[in-house]
Amino acid sequence: MAVPAPPLKKPPKGRHLEAPWRARLRLLRRGLAGSWGMFWESRIGPLGLFIIAFYGLLALAHPILMATVWADERDVYDPKHGYDPQIIYGGFDGRLQSTVAPGSDDYYVDANGDGRPDYIYAGWDGVLQSKAVGDDKYRGGPAPPSLRHWLGTDPWGRDVFSQLAFSARAEFFLGVMAALITVVIGTLVAAISAYYGGFVDTFFMRLADVVLLFPVIAFLIVLGSMFQLNLYSLAVVLGVINGFGGITIVLKSQALSIKVRPFVEAAKVAGGSHMHIIVRHIIPNLLPLSFLYMMFNVTSAIFSEAVLSFFGILNIDMSWGIMVQMANIAGYLQGGAITKAWWIFFPASISITLLCAAFYFVGRGLDEIVNPRLRKV
Amino acid sequence: MALLEVKDVTVHFRTKRGEVQALDRVSFALERGEALGLVGESGCGKTTLALTIMRLLAENARILGGHIWFKGTDLLALPEEAMRHVRWKGISMVFQAAMNALNPVYRVGDQIVEAILTHEPKVTVREARERVAELFRLVGLDPKRMDHYPHEFSGGMRQRAVIAMALACHPDVILADEPTTALDVIIQDRILHRLDEIRKQLNMSIIYISHDIAVIAEVADTVGVMYAGKLVEIGPTEAIFRRPHHPYTEGLMGAFPSVRGPKRELATIPGEPPNLLNPPSGCRFHPRCPYATARCKAEEPPLVPFEVGHLAACWHPRNA
Amino acid sequence: MQTRTTAEPLIRVERLKKYFPVRKGLFFQRARSFVHAVDDVSFEIRPGETFGLVGESGCGKTTTGKLLVKLLEPTDGRIWIRDLRQVSFVVQQDGLPLGAVGLRVDEEGKPVQVARVLSAPGANAEELDRHARRLLTRLAGRRGALGPVPTDVDVDGQRLSLTPLSQFRSQFRLQAVPAGDRERWERWLRQTQDLEYVDVARLSGPPLKAFRREVQMIFQDPYESLNPRMTIFDIVAEPLAVQKIGTITERELRVAEMLELVGLTPPESFLFRYPHELSGGQRQRVAIARAMIINPRFIVADEPTSMLDVSIRTGVMKLMMELQQEFGISYLYITHDLAVARYMCERIAVMYLGKIVEMGPTEEVIQNPLHPYTKALIDAVPVPDPTYKREPVELKGDVPSPLDPPPRCRFYDRCPIATERCAREDHPPLEDKGGGHYVACYEV
């Protein structure tokens, strides 16, 4: 008399149905192939992917080069402590000290540690130049690109190419890590506040407003001076801040439009719990957009790191931002100096721009898949 | 000579998946003052036909052949500039989602005035406003509401405003694409009556496009039945309903429920309409047709008259 | 599936109301006005019946449907659904009713618990309580212990006669009761009715989950009611999955069977496809398969065919009727199309601005409409017959706003036969004009 749960029969022999997991795998493969086709046709997406691949290879190349080509001269090519004695620019032996002579703009360097100046740095007249005490001849500071140093050396005598390749890994890590945290938080918060509404929604949305209006860079500068921010903690901080910020508003409005679609009501009628509806219906329909925003967030994280490094407040040994900062504090960004020792500044700054652009391009390419309205017929 | 004559019009759409054969050699003629009803299911090409006549097809459409003679000129051969004069003044259209065709930030009256001034530069604003007031009365709206915004109008009123806009430049032909589909029956009834009165009053021609054969039965003098991009039957309304020749027409009539008359068994047409990327060979209806033979699969039936003015494209016509 | 052969309704809707607050004011968002979406609506749906709700957009028919499947909570009123997890009977001793007893049964139909006891006027409540508990121990573990016919049981040497409640109610004659007691007996009889029904609004926890198994919904738009990121298998199996029925391979087989049943053959070719790869008609068949997969007793079908083409529509309508025949399901069929309602429904109710204005057997209402609104609605439907000339519809204006309607007949402003009384008095009650043909109009 009671309604029994419909007894499900055991599969009879003879009838063969494709196993669900196998079918899902097949569909996934087909879906990816289809998306790839559309992505490829967007033109801008593959370009971004190509640039990303290039930097990916560069990042991979560094440890390999250190282990092979540069293995005998690790001291020369070390991105952080390297120095090439074959190039004469006044001998930076790691004990660089400087004092300002009374009444002079010049810097004195005590190279041998005897308390007396060995080299004099002539002020900030463009290219940093040095001469030994008693020697009238100034020699060029950073060495220009050569076969030995493909992208030259920085004012401290370190190999720029090695720095660039070494930093690429850090940029990838930071960008992807921060974006991943952002998107996970953003998607969950958006789905939950759209689904439940009410107080939860108000809370997260006002929080997003606050974060959005918050001077994030200024905040990070303060945070950086109070705590030692390394790459990991910066990734987490950036990820969390962005996760509760603008992305939630965008994803929530999308989640709201999903929430009111009849298939959500159908799932409710079937007896689906709140969790079931969020996990099986809202989030899967939100994910494409989340993924798209993840690309844009990589860009924003890399960019933030560059800015913070430029101000020199991160506890990071080497990154593209640090490289730009080096160029700046060594005086190569002022006046006409940029063109004189371009190899110090441009490789890092162009890399920041290119990699940021590359992720943005990929995002734009994905946009055409995610938003069918943009698709060409 | 007919006011509007469509001759062998073929339209394909280029898509990523291939060539969609949306219209295949469609021909019919429309006389002055005539109401033609085009019925068919979604995707049968009826809206494409209207857009072809208006020359408003999407970019990926290709007109592969045919002529559309309007008052002796071939619209398909006309340069875009000249075509712009024909639109609104010669032929105007009431779109399917017409309720959303009004711009929400402008007053309804001003939008119609704008349309008049664009097409008839000699008319002054005052004259145009007078004409709009007249049009409002014509479609059964209070002229006082001219200066209201679209959101202050109900769905039915907006639809009437859009019809007024279509009438603004006294066109010879109106293409009404599902003019009442989104509306409730009582408002639908009112709008259809009004359109019919206006047609008789102004001696205009109207092409009604609808999936609802009951609506077509009431408003059209001539009915054309479309299936999978082809015109499969055309003839006087009564003949089409009383003695349909094409099995598809017959099935459509049998499947349509009515609130009047005895409750009869509803017919079912098996299967689904074909994919126009790859339409069936021969007669496009043959996979669903109960009377299909080998010939239907191999040869395409031409649209030929079985009675005076009653044409059908079928090898095994019913009631013939 | 077992169905009870009884005329007792499956669903009873009593004075159902749903008001949506409309917030006004920028800073102080107080609800000042209410949209009266459903306003004091009562009807019953019998087992195996298709009951139609017909009306124009905004008349409250969809809101009513959503209230019935508990997608919305009513503002007021009750929705009763017959509780199949309870058997109810009246205990009589020496021809005297002691009271009604409801026993909760488990999924196999075995009594497990005394759910409710309702002693008859003048009877000893404690004694009935005791009897009920003894009866439970006697009947526990016996599947279908109480048949549809009266049984006699010996409990502690006392001979008790058990009559199924519905049977008792249909046989009981109030006239036989002394006039002074009649009121008490009448009240008792009314109360016994609630014994077999559960209030949908109060369901939560496991009973709610059971309710979700018995009541399903089919939505209007087959393009929107199927999650585009789920395969047909996942969509159809979702009710099984959330109810945790069967393993994944068993579910797959069941889904395949269901797809075959709704005419999607061969099922293998549909199982792992996405909704966008299917046509509108096929999608609606998927939606039907999904609604049917857990053997519901009652399905709310909200305009299931209005988005489909004519040639496809008939097939879906016929499918729904066939499945009803096979599984004994009741439908609430919501539609704006009277012609479709005529073919699908045994009885229809015409709604206008949140009220039922006319209700009765479908043919009777369509052939002989009494309410002026129903007449207008039927007159306005185009007829697929070019020789048929319809009467012009005489209705003034448009449908007024459902926002805080004035306390008079909702149709007053547009009614061609309205009188002074209609303006003065409240909305007319729904009255039986014979043969179950109900009309809410003073002038009929």
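The values are calculated or read from the model by the stated rules, or taken from the named source; none is laboratory data. All values derive from a computational prediction rather than experimental measurement. FYI the Cβ positions are ideal-geometry reconstructions off the backbone, even for glycines, and counts take in every protein chain you see. Surface areas here come from the heavy atoms of the whole protein model, side chains and all, with no ligands, DNA or RNA. Shrake-Rupley method; radii C 1.70, N 1.55, O 1.52, S 1.80 Å.
Values as computed for the structure displayed
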quantity	calculated
Cβ-Cβ under 8 Å pairs, at least 6 apart or on other chains, segment C:252-272 side farther than 17 Å from A:R24 by Cβ and facing another protein chain (nearest Cβ under 9 Å), far side assigned to a loop (DSSP other than H, G, I, E, B) and open to solvent by less than 10 Å² (accessible area, probe 1.4 Å)	C:R254/A:P6; C:R254/C:I293; C:E257/C:P267
Residue within segment C:321-344 that is within 27 Å of B:I186 (Cβ to Cβ), within 11 Å of another protein chain (Cβ to nearest Cβ), part of a helix (DSSP H, G or I) and open to solvent by 10 Å² or more (accessible area, probe 1.4 Å) present	yes
Subset tally (residues that are in contact with a helix residue (DSSP H, G or I) (Cβ under 7 Å, 6 or more places away or on another chain) and either among the small types (G, A, S) or outside the structural domain of B:I198 (by TED's automatic domain parsing) (or both)) for segment B:112-164	8
Segment C:235-245, subset more than 7 Å from chain A (Cβ to nearest Cβ) and surrounded by fewer than 20 Cβ atoms within 10 Å (Cβ to Cβ), residue modelled with the lowest pLDDT	C:K244
Those residues of segment B:165-193 which are within 17 Å of the chain's Cα centre (by Cα) and among the charged types (D, E, K, R), in sequence order	B:D172, B:D177, B:E178
Any chance C:A100 is open to solvent by less than 70 Å² (accessible area, probe 1.4 Å), part of a loop (DSSP other than H, G, I, E, B) and closer than 22 Å to C:E186 by Cα	no
From the options A:F263, A:F303, residue that is open to solvent by 30 Å² or more (accessible area, probe 1.4 Å) and either part of a helix (DSSP H, G or I) or touching a Leu at 6+ places or on another chain (Cβ under 9 Å) (or both)	A:F303
Number of positions in segment C:276-302 that are closer than 18 Å to B:A182 by Cβ and within 13 Å of chain B (Cβ to nearest Cβ)	1
Helices (runs of 4 or more DSSP H) within segment B:59-178 that include 1 or more residues more than 27 Å from B:L30 (Cβ to Cβ) and open to solvent by 10 Å² or more (accessible area, probe 1.4 Å)	B:108-119, B:125-139, B:155-167
Pair list, Cβ < 7 Å and 6+ apart or interchain, from segment C:65-89 residues that are more than 14 Å from every other protein chain (Cβ to nearest Cβ) to residues that are of a type in the set (F, W, Y) and surrounded by fewer than 20 Cβ atoms within 10 Å (Cβ to Cβ)	C:T75/C:Y19
Subset of segment B:249-271 (residues that are acidic (D, E) and either at the interface with another protein chain (Cβ under 8 Å from one of its Cβ atoms) or assigned to a loop (DSSP other than H, G, I, E, B) (or both))	B:E265
So C:T231, is it away from chain A (no Cβ under 14 Å) and touching a residue at least 40 places away in the same chain (Cβ under 8 Å)	no
Enumeration of residues in segment C:402-444 that are among the aliphatic types (A, V, I, L, M) and out of contact with any Asp or Glu (no Cβ under 9 Å at 6 or more places or on another chain)	C:L403, C:A423
Every residue from segment C:288-314 that is part of a helix (DSSP H, G or I) and open to solvent by 10 Å² or more (accessible area, probe 1.4 Å)	C:R290, C:I312, C:R313
Residue count for segment C:156-186, restricted to those that are in contact (Cβ under 8 Å) with a residue 12 or more places away in the chain, charged (D, E, K, R) and part of a helix (DSSP H, G or I)	4
Residues located in segment B:1-49, provided they are away from every other protein chain (no Cβ under 13 Å) and open to solvent by 50 Å² or more (accessible area, probe 1.4 Å)	B:M1, B:E5, B:K7, B:D8, B:Q21, B:R25, B:E31, B:R32
Count - residues of segment C:356-368 that are open to solvent by 20 Å² or more (accessible area, probe 1.4 Å) and either within 12 Å of another protein chain (Cβ to nearest Cβ) or touching an Asp or Glu at 6+ places or on another chain (Cβ under 9 Å) (or both)	3
Matching residues in segment C:214-228 - criterion: being out of contact with any Phe, Trp or Tyr (no Cβ under 8 Å at 6 or more places or on another chain), more than 7 Å from every other protein chain (Cβ to nearest Cβ) and open to solvent by 10 Å² or more (accessible area, probe 1.4 Å)	C:Q220, C:Y223
Residues that are at pLDDT 90 or above, part of a loop (DSSP other than H, G, I, E, B) and among the β-branched types (V, I, T), drawn from segment B:272-313	B:T293
Selected residue (only one of B:R160, B:R243 is farther than 29 Å from B:D8 by Cα, of a type in the set (K, R) and modelled with pLDDT under 95)	B:R160
Residue check, A:G239 of a type outside the set (V, I, T), modelled with pLDDT under 90, over 19 Å from C:K70 (Cβ atoms) and surrounded by 20 or more Cβ atoms within 10 Å (Cβ to Cβ)	no
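Yes or no, residue by residue, for (1) of a type in the set (D, E); (2) within 19 Å of the chain's Cα centre (by Cα); (3) closer than 21 Å to A:A306 by Cβ:
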residue	(1), (2), (3)
A:R169	no, yes, yes
A:F172	no, yes, yes
A:G186	no, yes, no
A:A190	no, no, no
A:Y195	no, no, no
A:T202	no, no, no
A:S225	no, no, yes
A:L234	no, yes, yes
